[in-house]
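A short write-up of the structure that comes next.
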Amino acid sequence: MPAIRLTSKRVEKPWGRTNLWPGFGSVAPGGDPVGEIWFEAPGDPELLIKYLFTSERLSIQVHPDDAAAQAQGFRRGKDEAWVILAAEPRATIAIGTVIPMTQDELRRAALDGTIEDLVDWKAVKAGDVYYSPARTVHAIGPGLTLVEVQQNVDLTYRLYDYGRARELHLDDGIAVSNPVPYIPPYLAKEVAPGRTILADSAAFVLERWKRSGEAMLISDGRPIWLVPLEGGGAIDGGSFEAGGVWLAQGETVLRLDPDTELIVAYPGMGVLNRLWDPVV
């Protein structure tokens, strides 16, 4: 079937912004800040793509893995990855803890606020990528614009929220937390000119492309999410440009203008070797 352009939904957040990102427009005067734009596919797809816009720190939080989420009646847990598009000076992301902690120590830190200094705030810049497996304690700092690729479930346990009047989920969150220093689970690997594998996990494969030309995308039946960041072209004869997200499955004709950059994601482990089959 032809690729479809996904519909978008703006999600207001107290930590969001009114000036977003080229292609999205700004929030109307007097409107609430927008923190996320979701790109929604029909049914219950395995992945969800979001843009995030931050002006304040997000809560320190954690997501369950598949087994813990399914025990609570959800279809899946939540691995996620962040691709940084823009970062103000001194922008940070917290991922993991600075020292190994027990769950009891993590609970005490969340209750007395010292958790702010016990998560590992890492300086980030445009182009950085972080893969955050389920059970990783994390937070996203202010001054960032990023694309988030995640397993498709709206399930977040807040451990600490800097005094904001929002619900915390200490019992559930502590139970699924693995409070240890973060070790990147994957190293980026260029497998072809302009094609880099950023992650290959049981949850999803994440790739970054910078290439041009016309090709047939051929999958093994898995759906493929395409997120153009710069440049554009055409997909199955329709427009293809930054600010949108497309879902393809089967065979799809993709034409990219010179130096087009995009994120490509698909569920399940194992890189699709024929995903870019040039048209000659």
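Name every residue in region 190-207 that is in a strand (DSSP E or B), buried (at least 21 other Cβ atoms within 10 Å of the Cβ) and of a type outside the set (D, E), in order of residue number.
L198, A199, F204, V205, L206
Take the residues in region 32-49 that are in contact with a strand residue (DSSP E or B) (Cβ under 9 Å, 6 or more places away or on another chain) and not in a strand (DSSP E or B), then tell me which one is nearest to F204 (Cα to Cα).
Top of the filtered list is E46.
Would you point out the residue of region 7-38, among those that are at positive phi and either without any contact (Cβ under 8 Å) to a residue 12 or more places away in the chain or over 19 Å from the mean Cα position of the chain (by Cα) (or both), that is surrounded by the most Cβ atoms within 10 Å (Cβ to Cβ)?
Top of the filtered list is G25.
Take the conditions in the same structural domain as H169 (by TED's automatic domain parsing), surrounded by fewer than 12 Cβ atoms within 10 Å (Cβ to Cβ) and more than 20 Å from the chain's Cα centre (by Cα) and apply them to R107. Does it pass?
Judged against the criteria, R107 is not a match.
Would you point out the residue of region 73-102, among those that are part of a strand (DSSP E or B) and polar (S, T, N, Q), that is surrounded by the fewest Cβ atoms within 10 Å (Cβ to Cβ)?
Checking each candidate, the answer is T92.
Of all the residues that make up region 229-257, how many are among the acidic types (D, E), surrounded by fewer than 16 Cβ atoms within 10 Å (Cβ to Cβ) and either within 20 Å of R274 (Cβ to Cβ) or touching a Cys at 6+ places or on another chain (Cβ under 6 Å) (or both)?
1
Return the residue satisfying two criteria in turn: it lies in region 161-170 and is touching a helix residue (DSSP H, G or I) at 6+ places or on another chain (Cβ under 9 Å) and closer than 20 Å to A68 by Cβ, and of such residues it is surrounded by the most Cβ atoms within 10 Å (Cβ to Cβ).
L168
Do we have R108 as in contact with an Asp or Glu (Cβ under 6 Å, 6 or more places away or on another chain) and of a type outside the set (S, T, Y) here?
So R108 fails the test.
Answer with yes or no whether R107 is outside any loop (DSSP other than H, G, I, E, B) and modelled with pLDDT of 95 or more.
yes
Which strands (runs of 3 or more DSSP E) does region 225-280 wholly contain that include 2 or more residues that are closer than 24 Å to S201 by Cα and not aromatic (F, W, Y)?
Hits in region 225-280: 246-248, 251-267.
Does region 87-126 hold any residues that are farther than 23 Å from I174 by Cβ and in contact with a Lys or Arg (Cβ under 9 Å, 6 or more places away or on another chain), and which are they?
Once the filter is applied, which keeps residues that are farther than 23 Å from I174 by Cβ and in contact with a Lys or Arg (Cβ under 9 Å, 6 or more places away or on another chain), region 87-126 yields A87, A91, T92, A123.
Only one of L226, L217 is surrounded by 19 or more Cβ atoms within 10 Å (Cβ to Cβ), touching a Ser or Thr at 6+ places or on another chain (Cβ under 6 Å) and not assigned by TED's automatic domain parsing to the domain that holds L146. Can you tell me which?
None of the other options fit; the residue is L217.
Look at L52 and say whether it is over 25 Å from G221 (Cβ atoms) and part of a loop (DSSP other than H, G, I, E, B).
no
The values are calculated or read from the model by the stated rules, or taken from the named source; none is laboratory data. Please read these numbers as outputs of a predicted model, since none were measured by experiment. Glycine gets a Cβ as well: all are built from the backbone with ideal geometry, and neighbour counts include every protein chain shown.
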